[in-house]
Structure formats: C-alpha cells, structure tokens
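What follows is one structure encoded as structure tokens, with my remarks underneath.
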Amino acid sequence: MAWSLHWFKTVVRDDERGLLTRDGRFERLLGPGEFRAFDPERRLAVETVKVVRAELPVERALMLSRLKPEIADNFKIVQVGPNQVAIVAFDGEPKQILGANIARAFWASVTDVSVELIDTAAQLRVERRHLDKIDSAKTASVVSAVVEPHEAALLIVDGEVRERLTPGRHAFWAVARTVTVAKVDLRPTPLEVTAQEILTKDRIAIRVTLTAFFRVTDPEKAVLASADLANTIYRLVQFAIREAVAIRTLDEILAARDSIDTEVRAFVAERVAALGAEIGEIGVKDVILPGEIRDLLNKVVEAERVAKANLIRRQEETAATRSLLNTARLMEDNPLLLRLKELEALERLVEKVGKIDLHAGENERGLQALLSGLYQLQGPDGAESA
C-alpha cells in the first residue's frame with residue numbers, strides 16, 4: 001500500500017482479500033491484483049487478510065454482509081443451536097467440530113467451506129460416518145470409549161444407566177447432557193493387602209500381609225455401589241483380618257493360619273456380594289513379629305531342638321547299654337564266646353602294631369609260652385585242650 005503523487009496503490013495476492021475503507025468506513029472488498037485510486041487527500045486504506053482455510057471474527061463477517069450484501073458469498077457464517085453440533089469441512093476435508101450455542105465465520109472466497117449440522121437431541125450415539133470425520137479425543141462434545149472383550153461397560157446419561165455396551169468402539173454426543181462410560185474388568189483381580197500392625201489377644205503387636213482375589217459378577221451393581229471397588233474390598237479385608245487376629249493369642253495365630261484364612265474369606269464374601277463381586281482365594285502370606293518376640297521364639301525353637309537332640313542321645317545310649325548287657329550275659333554263660341571276643345580285640349590291637357620283639361626269658365620258653373597262651377583254651381571240665 002503506497003501513494004504516488006495523488007494516487008493510492010496497493011497489490012492483493014491470490015491468497016488474500018483487501019478490505020478497502022475510506023475515512024475508516026468500509027467501501028468494498030478487493031480481489032487479487034493491483035488496485036489504483038485517485039486519493040489526493042489520502043483518505044483511503046486497505047487491510048489485506050489471508051483467506052485460504054481461514055477464519056474471521058463472526059461479528060465482522062455479519063457487519064460486512066449487512067453493509068454490502070453482494071459480498072456475503074465470500075463468507076460462511078455458522079450458527080449452532082442449543083442441541084446441535086456442526087462439522088466444518090474445508091474442500092471436503094473435516095477440520096473442526098463446533099459445539100452447541102457457537103457462532104463462527106470462515107472465508108469462502110477461495111476455500112470450499114461446507115457445514116453439516118447434527119441434531120444431538122434426536123440421536124445420542126455418534127454415527128460411524130460422523131465418527132470417521134472427527135477426532136473425538138480433541139472435542140468435549142463427544143464421549144468415546146473402546147470396550148475390550150474382558151470388560152463390561154455401562155452407558156450412564158445424566159446419572160441414569162441406559163444400557164450395557166458390547167465389546168468394541170462406542171461414541172456418544174455429550175451436548176446438553178452428561179455422558180459417562182463406566183468400564184469394569186471382569187477378570188479375576190489380585191489384591192495385595194500390605195502389612196498392618198495388629199494387637200493379638202495377648203497384647204503382642206504383629207504385622208500381617210494377605211493376598212486376595214476378587215471378580216466382578218454384576219457390573220451394574222459394582223459401578224453403582226462403589227466408586228472404587230478394589231479399594232472398598234481392600235478395606236473390608238483389613239477389617240476382617242483385624243477381627244480374626246484380635247481374638248487369638250500369638251500361639252493360636254501361628255498354629256491356625258488356615259482357619260484364619262477361612263474366617264476372613266467368610267467375613268469378606270458376605271459383604272462383597274452386595275457390591276456385585278465375589279471373593280476367590282484369600283491367604284495369609286506373612287506374619288511379621290516384633291524383633292524381641294522373634295528373638296524369644298528363636299531361643300524357644302533352639303531349646304526345643306537341643307532337648308530333642310539330648311533325648312535322642314539318651315535313647316541311643318540306653319540302647320547301647322542294653323546291647324552291652326545282653327552281650328555280657330551271653331559271655332557269662334559261654335566262655336568260648338568270651339575267648340573269641342578277646343581274640344577279636346587282640347586282632348584289632350595287632351593291626352595297629354608295626355613291630356613285635358620277643359624275648360626267650362627264663363628257660364628259653366618265652367615264645368613257646370606266648371604261642372601256647374594264644375590257642376590253648378580251657379574245656380568244660382577244666383582240662384586244657386589244643
């Protein structure tokens with residue numbers, strides 16, 4: 001935009017339009033090309049704007065259309081009602097979705113702007129052809145959800161359960177209504193109940209950890225009964241284990257873990273049924289004792305093992321003594337057996353002897369006396385026999 005002597009000159013590009021004003025009042029819309037006008041007093045001005053897939057303030061578009069009705073074809077004004085949404089497409093390509101009670105204006109001089117108005121009061125579900133045109137994650141007018149095969153989903157409209165959704169992709173118009181899709185996992189779900197400190201009947205503070213499994217059986221009841229089903233069941237299991245531990249002594253707890261599991265499961269199962277779920281297995285994983293109690297129990301266990309070892313030792317000694325007594329009685333009645341035992345003892349002794357020195361002694365009968373003593377036994381009548 002420039003002046004040359006008394007002439008006003010400006011150039012409008014192909015992707016632009018010019019808004020010509022005289023003394024601040026709109027006169028005409030300039031198309032692409034060069035514009036020249038005699039303006040010695042410099043009263044003219046041009047505002048160039050981009051018009052390719054472009055938007056302009058709706059108030060300005062309405063004003064220009066009323067001032068110059070002949071240029072109204074250059075704008076596309078979209079006004080969305082209270083129960084409507086509009087899908088705006090540029091050259092056949094969906095670009096925007098407008099919610100209820102919105103007015104927008106787009107340049108339509110270069111871009112082909114098309115608008116599809118949808119009456120959301122007449123239809124709750126978004127049709128497939130509309131769903132393919134919009135990005136449901138970027139608009140608040142659509143609530144979408146994908147239901148997996150292992151899930152159950154409930155459609156809740158303004159606080160009322162409308163239907164149970166099948167597995168697949170679903171989308172609904174959330175215009176002038178509140179739409180929620182509540183999904184519930186139908187698979188068995190593990191629940192780890194972390195250690196909590198509990199006083200036993202004999203006033204000993206212990207910590208107990210459990211593992212529980214639950215499964216939703218009635219999705220509608222589960223959704224309406226509790227905002228957080230897993231957390232509710234977690235608290236119920238905590239209450240149950242506290243009740244079971246508080247009425248037992250430490251010895252009873254350590255000796256009756258199976259009965260505690262059964263008692264806790266019965267307590268929880270009755271209450272979980274009202275929440276639309278069922279309890280599977282519940283098991284006590286660990287019973288953690290205070291340090292001083294654990295040391296005392298270790299000493300008790302050690303003392304029991306020592307006592308058991310002493311008992312076994314005494315039993316073995318008693319058996320060995322009884323065996324020696326029986327052997328002595330046999331030897332007392334049978335001198336030959338006694339002599340054989342002596343020879344066995346001598347044999348074991350000789351195996352450990354590396355060298356033997358023999359001395360003849362008096363009358364040179366030392367060796368003969370030794371050999372005679374080895375094999376001569378006294379017979380029953382007192383006579384010696386070889």
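Only the coordinates and a few stated rules stand behind these numbers; no lab work does. Predicted model only: the values in this text are computed from it and were never measured. Ideal geometry is used to build each Cβ from the backbone, glycine not excepted, and the neighbour counts take in all protein chains shown.
The figures follow:
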read-out: R0 of 56 Å, Cβ-Cβ distance residue 205-residue 122: FRET efficiency to nearest 0.05; value: 0.30
read-out: Computed lengthening from residue 163 to residue 246, 0.36 nm per intervening residue step minus Cα-Cα distance; value: 25.4 nm
read-out: Footprinting exposure proxy for 150, 170 (fewest neighbouring C-beta atoms within 10 Å first); value: 150, 170
read-out: Extended-chain gain in nm, criterion 0.36 nm per residue less alpha-carbon gap, residue 55 and residue 103; value: 16.1 nm
read-out: Residues 351, 59, sorted so that the one with the fewest Cβ neighbours within 10 Å comes first; value: 351, 59
read-out: Reciprocal mean inverse distance between Cα atoms of region 189-289 - Kirkwood radius, Å; value: 13.8 Å
read-out: Rg in Å to one decimal, and Dmax rounded to a whole Å, for the chain via C-alpha atoms; value: 52.1, 173
read-out: Approximate spin-label separation residue 331-residue 227, in nm, with each point projected 7 Å along Cα-to-Cβ; value: 9.1 nm
read-out: Whichever aspartates and glutamates have a C-alpha closer than 19 Å to that of residue 352, once near sequence neighbours (fewer than 8 apart) are set aside; value: 342, 344
